[in-house]
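One structure is given below, encoded as structure tokens.
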Amino acid sequence: MAVVFKKTNMLTDTPFHYCPGCTHGIAHRLVAECLEELGVEGNVIGIAPVGCAVFAYNYFNCDMQQAAHGRAPSLATGIKRTNPDKVVFAYQGDGDLASIGTAEIIHAAARGENVTVIFINNAIYGMTGGQMAPTTLVGQKSTTSQSGRQVAINGNPIRVCEMLATLDGPSYIARCSLSDTANVNKAKRAIKKAFENQLAGKGFSMVELLSSCPTNWGMTPTQAVDFVKEEMTKVFPLGVFKDIDKE
Amino acid sequence: MKILMKGNEAVAEAAVRGGCRAFFGYPITPQNEIPEYLSRRLPEVGGCFIQAESEVSAINMVYGAAGAGARAMTSSSSPGISLKQEGISYICGAELPCVIVNMVRGGPGLGGIQPAQSDYFQTVKGGGHGDYHMLVYAPSSVQEAVNIMYDAFDKADEYRMPVMMLGDGMIGQIMEAVELPPMKDPSTFPKKEWATDGTGIGKNRRIINSLYIEPDVLEEVNHRLFKRYDMLKEKEVMCEKYLCDDAEIVIVAYGTVARISKSAVNDLRAKGIKVGLIRPITLYPYPEKIINDVAKQDCVRKFVTIELSMGQMIEDVRLAVNGLKPVEFYGRTGGNVMTPDDIVNYVLAKEEK
Ligand SMILES: Cc1ncc(C[n+]2csc(CCOP(=O)(O)OP(=O)(O)O)c2C)c(N)n1
Ligand code: SF4
Ligand SMILES: [Mg+2]
């Protein structure tokens, strides 16, 4: 029988533990497919965050390190500086990257560390049960902003891509969405570009992926992807924020 | 050939000769000469130096580099070590080898920049969360610091744990004549099969991790770590005993305070008072048995613990003496350092009572 679809070799056979309708799984697959297509098997070190993706070290078929909450960019720095020929990527959530790990991501980007960061923005702290994230939308309910995020009390959401794009270090910064097939395909192209930049030694690259968390948003999977498409993209516009090849 | 070197620079050079090829740190007095020296020295030997954005980041760079197989280190002083504690706990949990230097200054808070020994607790009693220890050395001269640093990476690799060199600020700042050992050849270092060097795939994947969600598994990990600590207690205890055989009073002191105490012991002996000195060189594993054996000597009347703190190591001295003899404390803090005369006067005053 002809094989029409095969799971990428860069994922292990361990079943994902993610909730139904969660887009973490799609993000994993895209990253793994890009690595396989770039032919870097046996040359990769990945970093798992603290967050729902903490077990990413069981899923990616490569050497993996697990980082303390928010510190993945520092691990990536230490790994890449001592193994400059290897492909190094960090996979981080929004609480991890945009709250507790803001210093680490900004300085890794500013130093132009030649690593790739995959940033899962699901506007919530998934793993700990739906608390407000730095990326939670104004008005969005969470377990620590129960009547909806209010600017006067909780401040404003952070746009990481726009912020990092002001730095000279990054070579490529893009925001994509995992809400539908067309956008998933675009996201894959962006991830591939990010890794290609690393392979070409161009410096820091990051792809933010607008993701769903149906469980903690209290939505069905379809409602959740609609929320990504209709609400999240208003606050977090999709696009390429920095591309040194186009400057 | 001996050359005159400042403690911090001598420690840095000894690290390079001992195989260190990666340094990550953040400036803080009184250890700045270490990163300054390594920023120019490491590139000469193909190593990497990064000034991180914080101590938190620096220790996590160490985690990454050590996890990928490098001989990596960081150095700092007390407030910076406080910030590194999260990372140290993770490094211990993930069983990674590395070297950490703490040139201790006074606290709490921003404290001062003068020498202190008030980080004993955060160094040997944990500091970060969880059940763990490090191999902790407290040199009392620049030469001893060099010798310890030279082999520190070998010890870290052997036991897969962090080695901490605890120097009171004085060790970093004084200039002394030192003999530097020859450069070790990195190609002779044992291969680290567990390190994530990127070649892992399928069954050969390596995972550096400290998450063990199954209680039984985590318990097993903790037992594995503590078996290693038992090995330290068997094989790595280092301690100097000075004139203890006939001593009536035994001083226990470490680091530069032990040197000051040694002068005081000599002065007191000249006055006819039989004083001895026990100088722990490893603070973990602690020379508990050696102290206990001395406590059992009939001639020994009491112990005096001397520290640049309000009394931290004294707790371990008391545990080691285990009630056999009284244990007194004499200390200075705030960056003040006692002279040999201060110790002589303390001992004499107590004897007159
Ligand atoms: C130092 C520290 N603080 C807090 C936590 C608890 N914690 C675990 S995951 C998490 C939030 C993760 O949220 P995010 O990064 O958005 O990832 P998601 O689960 O949404 O993918 C928090 C706060 C921790 N593990 N360590
Ligand atoms: S809690 Fe949210 S982010 Fe976490 S696995 Fe479930 S849906 Fe995904
Ligand atoms: Mg999140």
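Residues that are assigned to a loop (DSSP other than H, G, I, E, B), within 23 Å of residue B:78 (Cα to Cα) and assigned by TED's automatic domain parsing to the domain that holds residue B:90: does region B:142-149 have at least one? Among the residues of region B:142-149, not one is assigned to a loop (DSSP other than H, G, I, E, B), within 23 Å of residue B:78 (Cα to Cα) and assigned by TED's automatic domain parsing to the domain that holds residue B:90, which makes the answer no.
Taking the criterion of being of a type in the set (Lys, Arg) and under 14 Å from residue B:319 (Cβ atoms), the only residue of region B:260-304 that qualifies is B:289.
Does at least one position in region A:92-103 carry a residue that is touching a helix residue (DSSP H, G or I) at 6+ places or on another chain (Cβ under 8 Å), in a helix (DSSP H, G or I) and more than 12 Å from ligand 3 (Cβ to nearest atom)? For region A:92-103, residues touching a helix residue (DSSP H, G or I) at 6+ places or on another chain (Cβ under 8 Å), in a helix (DSSP H, G or I) and more than 12 Å from ligand 3 (Cβ to nearest atom): present.
For region A:48-68, a residue qualifies if it is part of a helix (DSSP H, G or I) and either facing another protein chain (nearest Cβ under 7 Å) or not polar (S, T, N, Q) (or both), and the qualifying residues are A:52, A:53, A:54, A:55, A:56, A:57, A:59. Going by the conditions given, is residue B:225 touching a helix residue (DSSP H, G or I) at 6+ places or on another chain (Cβ under 8 Å), in the same structural domain as residue B:320 (by TED's automatic domain parsing) and either free of Cβ contacts under 8 Å to residues at least 60 places away in the same chain or not β-branched (Val, Ile, Thr) (or both)? Spelling it out, it is not the case that residue B:225 is touching a helix residue (DSSP H, G or I) at 6+ places or on another chain (Cβ under 8 Å), in the same structural domain as residue B:320 (by TED's automatic domain parsing) and either free of Cβ contacts under 8 Å to residues at least 60 places away in the same chain or not β-branched (Val, Ile, Thr) (or both).
Report the residue count in region B:47-105 for those that are assigned to a loop (DSSP other than H, G, I, E, B) and more than 8 Å from chain A (Cβ to nearest Cβ). Residues that pass the stated criteria total 6.
Candidates B:251, B:171, B:201: the one that is farther than 29 Å from residue B:119 by Cα, β-branched (Val, Ile, Thr) and surrounded by 17 or more Cβ atoms within 10 Å (Cβ to Cβ) is B:201. Can you go through B:213, B:208 and tell me which one is surrounded by fewer than 11 Cβ atoms within 10 Å (Cβ to Cβ), of a type in the set (Val, Ile, Thr), farther than 28 Å from residue B:258 by Cα and within 14 Å of another protein chain (Cβ to nearest Cβ)? Of the residues listed, the single one that is surrounded by fewer than 11 Cβ atoms within 10 Å (Cβ to Cβ), of a type in the set (Val, Ile, Thr), farther than 28 Å from residue B:258 by Cα and within 14 Å of another protein chain (Cβ to nearest Cβ) is B:213.
Select from region A:92-116 the residues that are crowded, with 24+ Cβ neighbours inside 10 Å, within 13 Å of ligand 1 (Cβ to nearest atom) and within 14 Å of chain B (Cβ to nearest Cβ) and list them in ascending order. Matches in region A:92-116: A:92, A:96, A:97, A:101, A:104, A:105. Counting residues in region A:128-143 that are crowded, with 24+ Cβ neighbours inside 10 Å and more than 11 Å from ligand 1 (Cβ to nearest atom) gives zero.
In region B:254-351, counting only helices (runs of 4 or more DSSP H) that sit wholly within it, none holds 1 or more residues that are in the same structural domain as residue B:106 (by TED's automatic domain parsing) and of a type in the set (Gly, Ala, Ser).
Within region A:70-91, take every residue that is crowded, with 24+ Cβ neighbours inside 10 Å, in a strand (DSSP E or B) and away from ligand 3 (no atom under 16 Å from the Cβ) and give me the one that is nearest to the other protein chains (Cβ to nearest Cβ). This residue is A:88. When region A:121-136 is limited to residues that are touching a helix residue (DSSP H, G or I) at 6+ places or on another chain (Cβ under 6 Å) and outside any loop (DSSP other than H, G, I, E, B), the one that is farthest from residue A:85 (Cα to Cα) turns out to be A:125. If you check A:154, A:122 for being away from every other protein chain (no Cβ under 14 Å), within 30 Å of residue B:200 (Cβ to Cβ) and within 16 Å of ligand 3 (Cβ to nearest atom), only one passes: A:122. Evaluation of residue B:198 against the conditions (1) on the phi > 0 side of the Ramachandran plot; (2) in a helix (DSSP H, G or I) shows that the sole unmet condition is (2).
Could you check region A:14-47 and list, in sequence order, the residues that are part of a strand (DSSP E or B) and either farther than 22 Å from residue A:126 by Cα or within 8 Å of another protein chain (Cβ to nearest Cβ) (or both)? Residues satisfying the conditions are A:44, A:45, A:47.
For region B:98-108, filtered to residues that are touching a residue at least 12 places away in the same chain (Cβ under 8 Å) and farther than 15 Å from residue B:84 by Cα, the residue that is nearest to the chain's Cα centre (by Cα) is B:105.
The values are calculated or read from the model by the stated rules, or taken from the named source; none is laboratory data. In this text, all values refer to a predicted model and were calculated from it rather than measured experimentally. Backbone-built Cβ (ideal geometry, glycine too); neighbour counts: all protein chains shown.
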